[in-house]
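Written below as structure tokens is the structure these notes are about.
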Amino acid sequence: MEALKIFNFILGAVFFICYAYQFFYIPVVFAKKEPVHKKEKRHRFAVLICARNEEKVIAQLIESIHAQSYGREKIRVFVMADNCTDSTARTARNAGARVYTRFDSVHTGKGYALESLLEHIGSDYPKEYFDGYFVFDADNLLDKNYIEEMNRTFCDGYDIITGYRNSKNYGDNWISAGYSLWFLRESRFLNHARFLVGNSCAVSGTGFFFSRRILEKHGGWPFHLLTEDIEFTVKNVLEGEKTGFCKNAVLYDEQPTSFVQSWHQRMRWAKGYLQVFGKYGNKLIKGIFKGDFSCFDMAMAIMPAVAVSVIGAAVNAACAVFAAVAGKSIAAVLFSAAEGLLGMYFTMFFIGAITAASEWKQIRCSALKKIFYCFTFPLFMFTYVPISFAAIFAKAEWKPIKHSVAVGIGDLCKKEGA
């Protein structure tokens with residue numbers, strides 16, 4: 001038992017050392033002023049949407065793009081209907097997008113679909129026709145000033161930019177709220193803080209931008225791991241690129257409400273983090289020893305939490321089994337594990353609560369739900385432990401996530417709490 005207590009203490013210390021800097025990020029967003037924008041220039045943009053069986057939601061996204069304050073003549077919307085068996089392609093065309101189709105049961109996933117879409121655009125348009133590219137998922141909705149605000153940050157000199165990720169369905173249940181709080185926290189207390197102190201931000205799945213220079217530098221979109229967004233981020237960090245953040249570019253995303261669907265999605269993410277670390281881990285570590293804090297930040301984002309959680313759970317479970325087999329009381333083992341879990345619960349509760357308080361006006365649900373889901377947020381985060389453990393051994397593959405919240409941007413902004 002004494003050895004187990006020491007082990008758990010060391011594990012907790014390692015976790016604190018790895019992530020203490022993120023608590024420093026919290027006051028940064030309140031204390032540090034926003035940089036002043038440089039002179040603005042109007043650019044021509046391509047919007048990239050990869051969709052698989054998204055007929056229920058894709059039209060609302062395209063409508064929100066066409067309603068942008070930026071000017072429709074400067075924006076072209078492209079959709080890759082990827083292995084679709086419904087009317088996604090027809091729905092997107094009717095909404096005003098240029099649509100390509102792709103059927104490939106071997107090379108599946110968003111990375112391959114993006115690569116194919118960019119190849120089609122490169123064949124159909126002159127090389128310098130577009131100044132930059134936005135990437136969205138079919139279930140997204142954009143605030144009317146989204147592209148206007150992103151263009152300002154582009155004019156400030158950032159060739160990769162991510163925006164503020166909000167949720168369409170925060171209040172559906174504890175699962176959608178768990179996702180939503182995490183992404184709000186990532187936007188406000190990670191990416192925003194990183195941006196303010198001069199570190200590179202991280203692209204997170206959807207709602208990001210890259211310039212023509214970045215596309216040409218990589219020769220297309222060669223990012224095909226299960227978490228192609230993290231691979232894209234890490235690759236660019238290693239090459240000295242700095243991802244910017246635009247807090248006023250607000251995107252609304254639909255979150256899963258089914259635990260089974262959530263399990264599959266987060267299993268893919270956990271497996272993808274392992275893939276990224278396996279491919280780029282050595283270079284990230286070298287970058288850390290060279291004094292590149294963005295390398296440290298990205299390394300912490302993709303690996304230690306998974307490793308520490310899995311190791312801690314496995315060792316404590318093994319000790320409980322050993323105690324039971326040896327005919328000894330397992331109460332002390334369980335008590336030690338409970339102490340650790342309680343500490344983690346209050347840490348996660350603090351993170352969720354401060355995020356909810358800070359982003360209170362941005363969360364679109366009742367006040368009671370905003371408060372209640374702060375208490376369930378740690379439980380949502382705890383479910384990452386078995387998911388991370390399973391990801392080590394299981395074969396994870398890309399699977400489509402069903403989306404059905406077919407609401408327009410106007411109706412969304414009328415929700416309680418808007």
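The values are calculated or read from the model by the stated rules, or taken from the named source; none is laboratory data. No experiment lies behind these values; they were computed from the predicted model shown. Glycine also receives a Cβ, built like all others from the backbone with ideal geometry; neighbour counts cover every protein chain displayed. Accessible surface is based on the protein model in full, side chains and every heavy atom, while ligands, DNA and RNA are left aside. Shrake-Rupley method; radii C 1.70, N 1.55, O 1.52, S 1.80 Å.
Of note:
- Residue pairs whose Cβ atoms lie under 6 Å apart, sitting 6 or more positions apart in sequence or on different chains, and linking a residue in segment 111-139 that is touching a residue at least 60 places away in the same chain (Cβ under 8 Å) to a partner that is among the acidic types (Asp, Glu), are Gly111/Glu228; Ala113/Asp82; Ala138/Glu54; Asp139/Glu254.
- Of Gly291, Gly340, all but one fail to be modelled with pLDDT under 70 and over 21 Å from Asn169 (Cα atoms); the exception is Gly340.
- Hey, Lys110 surrounded by 21 or more Cβ atoms within 10 Å (Cβ to Cβ), modelled with pLDDT under 95 and under 30 Å from Phe296 (Cα atoms) or not: yes
- Every residue from segment 84-107 that is touching a residue at least 40 places away in the same chain (Cβ under 8 Å) and open to solvent by 50 Å² or more (accessible area, probe 1.4 Å): His107
- Restricting segment 240-283 to residues that are surrounded by fewer than 18 Cβ atoms within 10 Å (Cβ to Cβ) and without any contact (Cβ under 8 Å) to a residue 40 or more places away in the chain, the residue that is farthest from the chain's Cα centre (by Cα): Asn282
- Which listed residue, of Phe23, Phe30, is outside any loop (DSSP other than H, G, I, E, B), within 18 Å of Tyr164 (Cα to Cα) and free of Cβ contacts under 8 Å to residues at least 24 places away in the same chain: Phe30
- With respect to the conditions (1) touching a Leu at 6+ places or on another chain (Cβ under 7 Å); (2) within 18 Å of Tyr133 (Cβ to Cβ); (3) among the β-branched types (Val, Ile, Thr), Val29 falls short on a single one, namely (2).
- Output for segment 58-73, where each listed residue is open to solvent by less than 60 Å² (accessible area, probe 1.4 Å) and either among the polar types (S, T, N, Q) or in a helix (DSSP H, G or I) (or both): Ile58, Ala59, Gln60, Leu61, Ile62, Ser64, Ile65, His66, Gln68, Ser69
- Counting the residues of segment 28-57 that are hydrophobic (A, V, I, L, M, F, W, C), open to solvent by 60 Å² or more (accessible area, probe 1.4 Å) and closer than 18 Å to Asn151 by Cβ gives 1.
- Residue selection: Ile6 fails the criterion of being closer than 29 Å to Trp221 by Cβ, aliphatic (A, V, I, L, M) and either more than 22 Å from the chain's Cα centre (by Cα) or at pLDDT below 95 (or both).
- Check on Phe210, over 25 Å from Phe15 (Cβ atoms) and under 15 Å from the mean Cα position of the chain (by Cα): no
- The condition of being farther than 25 Å from Val250 by Cβ, surrounded by 14 or more Cβ atoms within 10 Å (Cβ to Cβ), touching a helix residue (DSSP H, G or I) at 6+ places or on another chain (Cβ under 9 Å) and modelled with pLDDT of 85 or more holds for only one of Phe377, Phe382, that being Phe382.
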